[in-house]
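The values are calculated or read from the model by the stated rules, or taken from the named source; none is laboratory data. As the structure is a computational prediction, the values presented were derived from the model and not from experiment. Quick reminder, even Gly has a Cβ in these numbers, built from the backbone with ideal geometry, and neighbours come from all protein chains shown. For the accessible areas, the whole protein counts, side chains as well, though only heavy atoms, and no ligand, DNA or RNA atoms are used. Shrake-Rupley method; radii C 1.70, N 1.55, O 1.52, S 1.80 Å.
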Amino acid sequence: MKRLTFFLSLFTFHLSLFSSPVYLNPEVPLEQRVEDALSRMTLNEKIAIIHAQSKFSSPGVARLGIPGLWCTDGPHGIRAEVKWDEWDQAGWTNDSCMAFPTLTCLAATWNTDMSLLYGRSIGEEALYRGKNVLLGPGVNIYRTPLNGRNFEYMGEDPCLSATMVVPYVLGVQQNGVATCVKHFALNNQEDGRHVVNVSLSDRALYEIYLPAFRAAVQQGHSWSIMGAYNRIWGQYACHNHRLLVDILRSEWGFDGAVISDWGGVSNTDEAIRNGLDLEFGSWTDGLTEGRSNSYDAYYLAMPYLEKILRGEVGTNELDNKVRNVLRLIFRTSMNPNKGFGALCSDEHAAAAREIADEGIVLLKNAPVGKKKSAQPVLPLTPDSKSILVVGENAIKQMTVGGGSSSLKAKYEISPLQGIRERAALNNVEVRYVRGYIGDVGGEYNGVTTGQDLSDNRTPAELTAEAVAAAREADVVLFIGGLNKAEHQDSESADRLQYGLPYGQDQLIAELAKANSHLAVIILSGNAYAMPWLDNVPALVQAWFNGSETGHALADILFGDVNPSGHLPFTIMPALEDYPAHQYGAIAYPGINNEVEYKEDLFVGYRYADLYGQKKPLRYTTQGKDYTIVPPKHKPLFAFGHGLSYTSFALSQPVQNGNTVRVTVKNTGSRPGKEVVQLYIAPVKSQVARPVKELKAFQKVALQPGEEKVLTFALTDDMFRYFDADAHQWVTDPAPCQIRIGTSSANTQIAK
Ligand code: BGC
């Protein structure tokens, strides 16, 4: 017996020697694994895992077999590999990706299935490329159409962006790849983004600017979040106590890691105390500037270690940071359930095309001429025997450029190519003329399009050629807009003007005179002036749609897919019609780096809805007076607007307790999809409230003649506003109308 006990104890001793430690056992609850790993780490190892070791990676703990993290931009595809310590290309030949449509397009689908498909697909690409953290999606609110990065975000409305961001996050993370939702928070302009100090009311903060981040954290359970570059209340967002400790951790219960924007850290003490976990990008030009190892000099590297060793700070904050980073590692790089992912698969191409198909917005499609039999220009029919395409954006590769979202796409179907392929099925030849010269460059951090777009002709010569060709064509498709060059839709700097650049307005006006069968197709992530609108019968907002740009555009133009995108932002006639541009430089772009959000809650349609009110709206929040002068003009195109080649009829919506029902019928002759939007409109509130606010939406597919009853559930939170003085969401006692419609300018009250 004694012998048996001896052998048994020897056996268990050996088992414990060979069985894996707690932190390596995926069966053990996450928090226990984190504590176990933490307890085994030395001080130096803890310091090491809270800052970068290269441009896009941070180390793990090699001694313990804990791998590090590899991050990648984001948010529209997986960025090409750069050198260890430089932005230049690493020169890989297998790092091309599928370029998905930009996030404005995704938001314009108003379809959460598209968002899930997007997240799942881009997550698979990240996984295949060995990435653990995808730097995206972006959910900063569209405050001004000059913001160079609006194309990376999901529009002007907190409900739309909050609803659309969640499936994206879930889709990415089901691959064992973390999203890093950015840029938290108030990075709503690129001009001065590294220095501006934003002040705003708590109401605007909670009601407009935070909901999408909160949804990503609380409903999507994003495993990481990226601090913004700018300051808020005088403190940098990457180490902003109120934002990261009070709101993100305490109020929202975030258990992921806070990652700095690249180079967004500037103060060791604040970075220690104010909720930052992982520092990236601080002058990571160590090699070019001659430092031997710039990573050691990071704010959360040696400077932090030295403070601990000198006894100036303790290690509680450090342990918390390490916990947050370990949790991120266990969820991603040590996730045992990861698959292999896929890169540039047929499924991803199909996903990119489907999302683009659903996001392209038909803004206008009026019949040409006054005859009763007059038909709109779109969709193109086989009768159009000669199609003329005009404009640089028909041929310009657009996945390269725009800043950190720049991609090395495996392929990019240009609009012209897509149109030519499709027209060939009708035996129609497509002629192309340039029309204008915009940006002939095509390089970002060493990724080049390889296109030579240089052309020495004068604008007069180009216009004359285009007009002459337009006179001979059955139909003219002008394809222009913005591009990814500096001061267009691009990071680091804002746009310089609201109008289209490169003389496009004049060209469009000339084309409209030359041929009444003109469709204007705009590739952009932003709104723009449309002085030619009355003379142009058809207008399509076609975003930047990545690899499948041309195929998706042809799907819409030829009617193979019925357009169903709706605008995620309001298009006003002039820059002065936007609320952020009502108050002079202090509201945008700032004076002495101070920016005050004086328009408060009245962003986008919340402002446009004040049109027609005789008196300015005056109110006080947190002791500060606000004056909102109603706009002088109506929107050209309202938030939520989008046409179709079929028609839909909505019945009188009926409210029954907490349920609202409406019947939608396809009254036209083609299958199509409609976006039905529910707004809440308080009546005679004692509190300053927007006229109405989007609270829910559904996209419904209908065959010709088919009808469906849509049911919306009303929930308490839909009726709340943020009481800044009490610092809580409260229900407005004012009665509320429930308004249902197909855009913010087209709703009817539920009875
Ligand atoms: C951008 C981030 C990006 C990071 C890494 C920064 O300049 O603001 O959005 O993820 O660079 O490329």
Would you call Y436 in contact (Cβ under 8 Å) with a residue 60 or more places away in the chain and surrounded by fewer than 17 Cβ atoms within 10 Å (Cβ to Cβ)? no
For the structure I just gave you, tell me whether V217 is surrounded by 17 or more Cβ atoms within 10 Å (Cβ to Cβ), within 16 Å of the ligand (Cβ to nearest atom) and among the aliphatic types (A, V, I, L, M). no
In this structure, is E599 assigned to a loop (DSSP other than H, G, I, E, B), crowded, with 24+ Cβ neighbours inside 10 Å, in contact (Cβ under 8 Å) with a residue 12 or more places away in the chain and among the charged types (D, E, K, R)? yes
What number goes with the only condition from (1) farther than 30 Å from R420 by Cβ; (2) touching a helix residue (DSSP H, G or I) at 6+ places or on another chain (Cβ under 8 Å); (3) of a type in the set (S, T, Y) that S564 does not pass? (1)
Check T458 against each of (1) more than 16 Å from the ligand (Cβ to nearest atom); (2) under 24 Å from the mean Cα position of the chain (by Cα); (3) more than 23 Å from C97 (Cβ to Cβ) and name the one condition it does not meet. (2)
Reported set for the range 55-99 where residues are away from the ligand (no atom under 14 Å from the Cβ), of a type in the set (G, A, S) and buried (at least 17 other Cβ atoms within 10 Å of the Cβ) is G60, G68, S96, A99
Selection count where residues are part of a loop (DSSP other than H, G, I, E, B) and among the basic types (K, R), scope the range 187-237: 1
Just to check your reading of the model, which residue among N320, N337 is surrounded by fewer than 22 Cβ atoms within 10 Å (Cβ to Cβ) and either at pLDDT below 95 or touching a Cys at 6+ places or on another chain (Cβ under 6 Å) (or both)? N337
Which residues, taken from the range 144-169, are within 15 Å of the ligand (Cβ to nearest atom) and out of contact with any strand residue (DSSP E or B) (no Cβ under 8 Å at 6 or more places or on another chain)? N147, G148, N150, F151
Say whether the condition of being more than 26 Å from D600 (Cα to Cα) and either in a strand (DSSP E or B) or of a type in the set (S, T, Y) (or both) is met by at least one residue in the range 713-730. yes
Being open to solvent by 70 Å² or more (accessible area, probe 1.4 Å) and assigned to a strand (DSSP E or B) narrows it down to one of Q613, Q655, so name that one. Q655
V245 meets each of (1) in contact with a Phe, Trp or Tyr (Cβ under 7 Å, 6 or more places away or on another chain); (2) surrounded by fewer than 21 Cβ atoms within 10 Å (Cβ to Cβ); (3) part of a helix (DSSP H, G or I) with one exception, condition (1)
So, R310, is that one surrounded by 14 or more Cβ atoms within 10 Å (Cβ to Cβ) and in the same structural domain as T102 (by TED's automatic domain parsing) or not? no
For the structure I just gave you, tell me whether R670 is assigned to a strand (DSSP E or B) and open to solvent by 70 Å² or more (accessible area, probe 1.4 Å). no
Scanning the range 170-197 residue by residue, those within 16 Å of the ligand (Cβ to nearest atom) and hydrophobic (A, V, I, L, M, F, W, C) turn out to be V172, V177, A178, C180, V181, F184, A185, L186, V195, V196
Sole residue being of a type in the set (G, A, S), more than 25 Å from A466 (Cα to Cα), assigned by TED's automatic domain parsing to the domain that holds Y528 and touching a strand residue (DSSP E or B) at 6+ places or on another chain (Cβ under 8 Å), chosen from S404, S386: S404
Looking at the range 376-399, is at least one residue open to solvent by 40 Å² or more (accessible area, probe 1.4 Å) and within 30 Å of P635 (Cβ to Cβ)? yes
